[in-house]
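The values are calculated or read from the model by the stated rules, or taken from the named source; none is laboratory data. Here the structure is a predicted model, which means the values were calculated and not measured. Cβ placement follows ideal geometry from the backbone for every residue including glycine, while neighbour counts extend to all protein chains displayed.
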Amino acid sequence: MSKSLIIVESPSKAKTINKYLGKDFIVEASVGHVKNLPKSKLGVDVDNNYASSYEVIAGKEVIVEKLKKLASEASKVYIATDPDREGEAIAYDIAEEIESENKNILRVLFHEITPNGIAEAMASPQKIDKNLVESQRARRAMDRVVGYKISPFLWKTIYYGLSAGRVQSVALRLICERESQIQKFTPAEYWSIVSEFKTAKSEPFLAKLFKVAGEDPVIKDGTTSSGYVTDIQKQSFIISDVQKKEVKRNPNPPFITSTMQQEAAGRLRLSAKRTMMLAQKLYEGIELGDEGAVGLITYMRTDSTRLSGDAVTALREYIFNNYGKEYLPKEARVFKKGKASQDAHEAIRPTSIKFTPKFVKKYLDKDMFALYELIWNRFVACQMSVATFEQVTVDITGGDYTFRATGSVPLFRGFLQVYDDVLEEKGIVDDEDPTSKIPASLAAHQAAQLVNIFPKQHFTKPPARFTESSLVKELEALGIGRPSTYAQIVNTILDRKYVEQQDRKLSATPLGMTVIKILVKSFPNVLNVKFTVLMEDELETIANGKNNYVQVMDDFYKPFIASLNHIDGEASKIKKSLQEDAGEACDLCGKPMIIKWGRYGQFKACTGYPTCKNRKPLNDETEKFQHMAGMKCKLCGGDLLVKGGPFGTFLGCSNYPTCKNTQPLTTGIKCPKCKDGDIIERKTRKRRFFYRCSNNTEENGTCDFISWDKPIHQACTQCGNPYLIQKSTKRKGDYLLCPECKEEFYVETERAIAV
């Protein structure tokens, strides 16, 4: 009897699944997508119902042929790519390629890589969901149209090489608008007054000025504050009211993709991209000694807080046995479904309650363990009893002035025993409200002595810059993007240099601000939040079978192309509007200098171009370039600047044109042949990159090392060679190779495919 073939995305997942299924199955990996839209053309026929031209990805032909051969020999083919919209599209593409060899193709969804999870999935195979595929195709077509139509417009207006994205550009707009708010913000002065009181039976405590003559106090300056302070010091105070009430705090739901990314960023300082890579590995399988390879968490791309009945039952038993019955609610807690939730998968949780953090710690690296422990604690806490506090409010009154102190005392920690989400519990107190510790002996009508008074000056603060965490939260709240795209969105705008990240805060660069200025002005009806949310909703209607691909594409494309046709002829005017007077004359020909945009940022250029080709870096850019170079000119002693030319990046003297010294920019890797020079990147006249030794020049021809392979500053883990080279073949795809021992290292994809 012939074996059944199971196709998954990841080689590491294939290994784990193969262990559970045994000898009657062959498990093979597609290593992510096998087909994509062509790189060199649009690939979406806007005049023919937006038909998309998908083709086998270069380098994946060997994988496809292998899958075909295995399919021809198999009794059945189960396609078990990831259980999301992207995975469904991959499944469709694979089926399309292999159906000529085997028509008996089924779809299985592994929500968790465990014996039970795999057995359940194999027991209920299904057909590929065409609606999900069409929804993914529509999203991909929209993104391709925006990228291929708007990017050339940016080339015309700013410089060649820029790119735009349907969702990424909206995310960038949010960051840029926040940056504009910060730049325009004018701080306003205000004052607060906190006083220290005590009674005959109590220790001193703090209270904040709450009311003046029954109204909220408005203290705009020091003069007003001083007047209040003088008058307050004349008053006699009593405790006018003491209120106590029990307050309950419910635990948060288990993680979904967005909340996991937010908490991992805030608590563990992990980027969204890093978080998803770690989660992918936890999902696909970790070697746990005698247990073998085990998937430790459920699927990590989800927007649902739903938990399976079996998981809840096992968890409640764990809570009872390890914490006691008082920590276990009478009924299992069910969390409300979000409006935009697809609810296709469970929440992110441990696959088995037996894999405690203590048990798995020795098998995981630091970051992976920290993320797993976070997922574990959130999962356990979500089914534990509520935390209860006694909230105390004390009013102290004297004349027209009422001060208020508030605090809380924990009565029962409940879920906080496992997952502490209350900042005050960690000793972190808001400096705007210093009143938190209230003596237990306070009672109404007690006389209160004014011990000290503390007026404090404040200034209103601008809105905070987005972090990765808060941006993901905002995108989710607005309904922009999907769990599978949040990390990619952030990573894309960072890679494009539209945004910088410093101290975990995202700030728009001048380039990002300029790009958004042009996009918002030129495409107001397309690249805005409301339209993007509308398109996300329409994509959902395709997935739900309530709409079709062509209609949704029409709703997107018609307003888009109308905006593009309207503005395309204005590109030259927009480009000119971005130019600024540099406020100086050209030191070569005397004509005015202007500030222009180029590939390496803004620079000064002579208006006499092309007759005069003089250009200079901006003053405020000079230091950046000097820092990047960190070297002096060997001829005149001037600073060397990073420049770009027809044959690649190089170092040029800042005293140009007086000093015309140039030298190559090194990769930082020593030449393996002469051990003296550095490997440098150069470009042929046909714009093909190659790499040679810096000692291979007309002036210095002592070393003839040359290579077409790009060196990567990464040591070989097998032999210790200080660098690897980047390779790509049709059979193997993209990979890294050690030039010494020939060990191969495969590159992870955007979906964090481990091998």
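Within the range 614-633, the residues that satisfy the criterion of being at pLDDT 80 or above and either in a loop (DSSP other than H, G, I, E, B) or out of contact with any Lys or Arg (no Cβ under 7 Å at 6 or more places or on another chain) (or both) are N614, C633.
Considering each of G601, G608 in turn, give the residue that is surrounded by 14 or more Cβ atoms within 10 Å (Cβ to Cβ), closer than 21 Å to C653 by Cα and out of contact with any strand residue (DSSP E or B) (no Cβ under 7 Å at 6 or more places or on another chain). Spell out the reasoning first.
Numbers: G608 fails: closer than 21 Å to C653 by Cα.
Answer to the selection: G601.
Looking across the range 178-213, the residues that are touching a residue at least 12 places away in the same chain (Cβ under 8 Å), surrounded by fewer than 20 Cβ atoms within 10 Å (Cβ to Cβ) and in a loop (DSSP other than H, G, I, E, B) come down to F185, P187, A188, A200, K201, S202, E203, P204, A213.
Screening I375 with (1) farther than 26 Å from K211 by Cα; (2) out of contact with any Pro (no Cβ under 8 Å at 6 or more places or on another chain); (3) among the β-branched types (V, I, T) gives one miss only, at (2). For the range 153-176, the criterion of being assigned by TED's automatic domain parsing to the domain that holds L519, out of contact with any helix residue (DSSP H, G or I) (no Cβ under 7 Å at 6 or more places or on another chain), part of a helix (DSSP H, G or I) and free of Cβ contacts under 8 Å to residues at least 24 places away in the same chain is met by at least one residue.
Taken over the range 644-671, the criterion of being closer than 23 Å to H713 by Cα and either modelled with pLDDT under 70 or aliphatic (A, V, I, L, M) (or both) is satisfied by G644, F647, G648, T649, L651, L665, I669.
What residue, among those in the range 46-103 that are buried (at least 20 other Cβ atoms within 10 Å of the Cβ), of a type in the set (A, V, I, L, M, F, W, C) and over 16 Å from E9 (Cβ atoms), is farthest from the chain's Cα centre (by Cα)? Per the stated criteria, the residue is A74. In the condition set (1) modelled with pLDDT under 85; (2) touching a Lys or Arg at 6+ places or on another chain (Cβ under 7 Å), P11 is compliant with all but (2). In the range 111-133, the qualifying residues are those that are within 26 Å of the chain's Cα centre (by Cα) and modelled with pLDDT of 90 or more, and the one that is surrounded by the fewest Cβ atoms within 10 Å (Cβ to Cβ) is V133.
Filtering the range 8-26 to residues that are under 20 Å from Y299 (Cβ atoms) and over 32 Å from the mean Cα position of the chain (by Cα) leaves N18, K19, Y20, L21. For the range 537-562, residues that are among the small types (G, A, S) and surrounded by fewer than 18 Cβ atoms within 10 Å (Cβ to Cβ) total 2. If you filter the range 285-317 down to residues that are among the small types (G, A, S) and touching a strand residue (DSSP E or B) at 6+ places or on another chain (Cβ under 6 Å), you find that the one that is surrounded by the most Cβ atoms within 10 Å (Cβ to Cβ) is G285. Considering each residue of the range 564-583 in turn, none proves to be in the same structural domain as A141 (by TED's automatic domain parsing) and either under 29 Å from the mean Cα position of the chain (by Cα) or at pLDDT 90 or above (or both).
For the range 566-598, filtered to residues that are in a helix (DSSP H, G or I) and of a type in the set (G, A, S), the residue that is farthest from C653 (Cα to Cα) is G569. Considering the range 672-709, and only residues there that are closer than 16 Å to L724 by Cα and among the acidic types (D, E), the residue that is modelled with the highest pLDDT turns out to be D709.
Could you say which residue among T186, T224, T199 is under 30 Å from G512 (Cβ atoms) and of a type in the set (S, T, N, Q)?
Details: T224 fails: under 30 Å from G512 (Cβ atoms); T199 fails: under 30 Å from G512 (Cβ atoms).
Of the residues listed, the single one that is under 30 Å from G512 (Cβ atoms) and of a type in the set (S, T, N, Q) is T186.
The set of residues from the range 300-333 being more than 28 Å from the chain's Cα centre (by Cα), modelled with pLDDT under 90 and among the β-branched types (V, I, T) is empty.
Please pick out the residue among V526, V515 that is in a loop (DSSP other than H, G, I, E, B), touching a Phe, Trp or Tyr at 6+ places or on another chain (Cβ under 7 Å) and among the hydrophobic types (A, V, I, L, M, F, W, C).
Numbers: V515 fails: in a loop (DSSP other than H, G, I, E, B).
None of the other options fit; the residue is V526.
Take V242 and decide whether it is touching a residue at least 24 places away in the same chain (Cβ under 8 Å), in a strand (DSSP E or B) and surrounded by 13 or more Cβ atoms within 10 Å (Cβ to Cβ). Reasoning before the result, please.
Values: touching a residue at least 24 places away in the same chain (Cβ under 8 Å): yes; in a strand (DSSP E or B): yes; surrounded by 13 or more Cβ atoms within 10 Å (Cβ to Cβ): yes.
Yes: the conditions hold for V242.
Going through S195, S226, S180, S202 one at a time, which residue ends up being of a type outside the set (F, W, Y) and not assigned by TED's automatic domain parsing to the domain that holds P439? Before you say what the answer is, go through the steps one by one.
Details: S195 fails: not assigned by TED's automatic domain parsing to the domain that holds P439; S226 fails: not assigned by TED's automatic domain parsing to the domain that holds P439; S202 fails: not assigned by TED's automatic domain parsing to the domain that holds P439.
Of the residues listed, the single one that is of a type outside the set (F, W, Y) and not assigned by TED's automatic domain parsing to the domain that holds P439 is S180.
Listed by position, the helices (runs of 4 or more DSSP H) contained in the range 294-412 that have at least 3 residues being under 23 Å from Q280 (Cβ atoms) are 357-360, 366-381.
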